[in-house]
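The values are calculated or read from the model by the stated rules, or taken from the named source; none is laboratory data. Note that the coordinates shown come from a computational prediction; the quantities given were computed from them, not determined experimentally. Here the Cβ is made from the backbone with ideal geometry for all residues, glycine too, and neighbour counts use every protein chain on show.
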Amino acid sequence: PARVVDRAAAGDTFVGALVARLAAGVPRAPAKGASPLPHGGTAGITEAEMIDAVRWATVAASVSVTRRGATASMPTLAEVAAILA
């Protein structure tokens, strides 16, 4: 387990990493029967993509709490990728 130093940006880091990971595949056509509207479903995001994005976001947030500050605590893409490798 990580030693928590500062929780200030944990939620922001999680949400930002989640959205960034999901958006990495955009533009995408909605899956058959899926709504392209945010309030109407997952807009074609597969279960595997969602699991990957949540895993990515969880790692990013867990790194951020080990550092002081808000923006300065957010890990780079390379840092998250290295942890997940």
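Can you tell me which residue in region 66-85 is nearest to R3 (Cα to Cα), limited to those that are assigned to a helix (DSSP H, G or I) and not hydrophobic (A, V, I, L, M, F, W, C)?
Per the stated criteria, the residue is S73.
Pick out the one residue from D12, D6 that is on the phi < 0 side of the Ramachandran plot, surrounded by 13 or more Cβ atoms within 10 Å (Cβ to Cβ), at pLDDT 90 or above and not in a helix (DSSP H, G or I).
D6
I'd like the residue in region 63-76 that is touching a residue at least 12 places away in the same chain (Cβ under 8 Å) and exposed (fewer than 14 other Cβ atoms within 10 Å of the Cβ) and, out of all such residues, is nearest to T13 (Cα to Cα).
T71
Cβ contacts < 6 Å: first residue among the small types (G, A, S), restricted to region 51-62; second residue crowded, with 20+ Cβ neighbours inside 10 Å, any location; separation 6+ or different chain. Result?
If the second residue must be crowded, with 20+ Cβ neighbours inside 10 Å, the pairs left are A53/R21; A53/L22; A57/A17; A60/T13; A60/A17; A60/P75; A60/V80; A61/T13.
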